[in-house]
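Everything on this sheet refers to the single structure shown next.
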Amino acid sequence: MATSAGSLAQNRKPRGKASVVAPIFPQITTFACRRCAAAQRRALASQWLVATEVSARLGAQPCGDGHGASELRREGKLLGVYVKHPYPSYRFPTWQFSVDGKTAEHLAEILTVLRSSGSFQREPEALRRTSGWGEVEWFMSPHALLSGATPAAVLTDDPASVPRAAQIEFKLNDR
């Protein structure tokens, strides 16, 4: 009599311990999700500016090393996300710049609100920097206080509404 794997599984009596196979699948799924997320981040970041391009856009001295953008990022006035590929560096989302090439109005204030909330993973010591990806997720997610638009989309059209939304969401007015 031939039996299928499904009928064998149905006829098995439950044991006292969980199946050894069951915990493996969530790990595989988690691993696959992480790989997929990493690939999506790489694809997204590849569309963004490198430090030298940002420095040129902001009118920094043409030293070619992106020092101006890096300094603004370290000061919390510009959002850069850390990437490892094709080489370790920071990429700068284009939506944080106005049409004239300057940083969007209120950007530094918004970054301060986000980072003051404690919701974004930071280095434990030294500069306490973030990778920037948590902030990007916030900027690119639809927000109820912005009529379902993303903060990134609203940043250039109605920049004053974005810090208000961040302050309300993270309840900084109550602190």
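Just so it is clear, none of the values below were taken in a lab; they were calculated from the coordinates. None of these values were measured; they are calculated from a predicted model. Methodologically, a virtual Cβ is constructed for each residue, glycine included, from the backbone with ideal geometry; neighbour enumeration extends over all protein chains shown.
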- [ ] Note down the nm distance, to one decimal, between modelled labels 7 Å out along Cα→Cβ at ILE168 and at ARG35.
- [x] 4.2
- [ ] Give the calculated FRET efficiency between SER98 and ALA144 to the nearest 0.05, with a Förster radius of 22 Å applied to their Cβ-Cβ distance.
- [x] 0.30
Open item on the list: What FRET efficiency comes out for SER117 versus TYR87 if R0 is 35 angstrom and r is the Cβ-Cβ distance? Round to the nearest 0.05.
Closed with: 0.65
Open item on the list: Need one number: nm distance between label points at LYS77 and ASP158, each 7 Å from Cα along Cα→Cβ, rounded to one decimal.
Closed with: 2.8
